[in-house]
Amino acid sequence: NDQIITGNPNPKFIYGFSTNLSYKNFDLSLFLSGTQGNDIYNISRLSFENPIGQRNLFKGVVNRWTPENHSNQYSSPFVGGRLPISDYSMEDGSYLRLRNVTLGYRLSGLKGVLSDLRIYVSGNNLFTITDYSGYDPEVNTFAGSNKEIGVDNLVYPQARSFIAGIQVNF
């Protein structure tokens with residue numbers, strides 16, 4: 001009877017913004033996206049704070065509970081590997097991410113075989129603004145499951161990439 005449902009993995013809203021701008025021979029495209037109001041259950045945080053001897057730990061765990069140190073932030077090393085289930089590791093999963101930005105310069109009206117040349121640089125997943133303490137607020141631990149969303153169980157973050165290129169028209 002004392003069970004409480006804590007957190008909601010569904011965002012209150014999902015948003016995005018994209019634009020394509022050009023000025024003289026320069027072009028710029030930008031794509032931002034994010035969510036607001038979703039919660040993430042951060043199991044990876046619990047794993048890195050539980051001193052069971054099978055993995056690295058967060059630096060702050062040095063100050064865990066012991067008979068001499070009555071800290072109440074980190075669990076005792078005597079919990080035997082059982083992760084305490086509570087709202088302690090429920091976190092706000094709201095974020096804003098710069099998905100893609102591309103800057104290009106076009107040389108047109110060239111003499112000879114080439115009619116057009118565009119040089120560009122592009123970056124993907126350049127930054128994410130969030131208060132979430134895990135690697136990536138866009139977690140997908142149980143991919144394909146619509147029942148177990150909003151759970152971070154050591155999910156790798158999305159890759160950041162940089163691209164430079166030349167587009168040639170003959």
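For this structure, a couple of remarks:
- Summing charges over all other residues whose Cβ lies under 12 Å from the Cβ of T102, with Lys and Arg as +1 and Asp and Glu as -1, gives +1.
- Taking all Cα pairs closer than 8 Å and separated by 6 or more residues, the relative contact order of the chain comes to 23 percent.
- For the chain, built as a Gaussian network whose Cα springs stay under 10 Å, the top-fluctuating residue of Y41, Y120, Y135: Y120
- Once the 1.4 Å probe is applied to the protein heavy atoms, the chain comes out at 69 Å² accessible per residue.
- The chain, accessible surface, carbon-and-sulfur percent (1.4 angstrom probe): 55
- Our helix-only sum for the chain, with -39,500 (n - 2.57) per DSSP H run of n ≥ 4 divided by its residues, gives a mean residue ellipticity at 222 nm of -1000 deg cm²/dmol.
- Accessible surface of S22 - all protein chains present, 1.4 Å probe, nearest 10 Å²: 100
- Total formal charge among the other residues, if their Cβ is under 12 angstrom from that of N25, Lys/Arg +1 and Asp/Glu -1: +1
- Once the C-beta distance of D92 and V168 is scaled by a Förster radius of 41 Å, the resulting FRET efficiency is 0.30 to the nearest 0.05.
- Taking every protein chain into account, the 1.4 Å probe leaves T128 with about 50 Å² of accessible area, to the nearest ten.
The values are calculated or read from the model by the stated rules, or taken from the named source; none is laboratory data. What you are looking at is a predicted structure, and each value in this text was computed from that prediction instead of being measured. When we count neighbours, we look across all protein chains shown, and the Cβ atoms used for this are built from the backbone with ideal geometry, even at glycine. All accessible areas refer to the heavy atoms of the entire protein, side chains included, with ligands and DNA or RNA removed. Shrake-Rupley method; radii C 1.70, N 1.55, O 1.52, S 1.80 Å.
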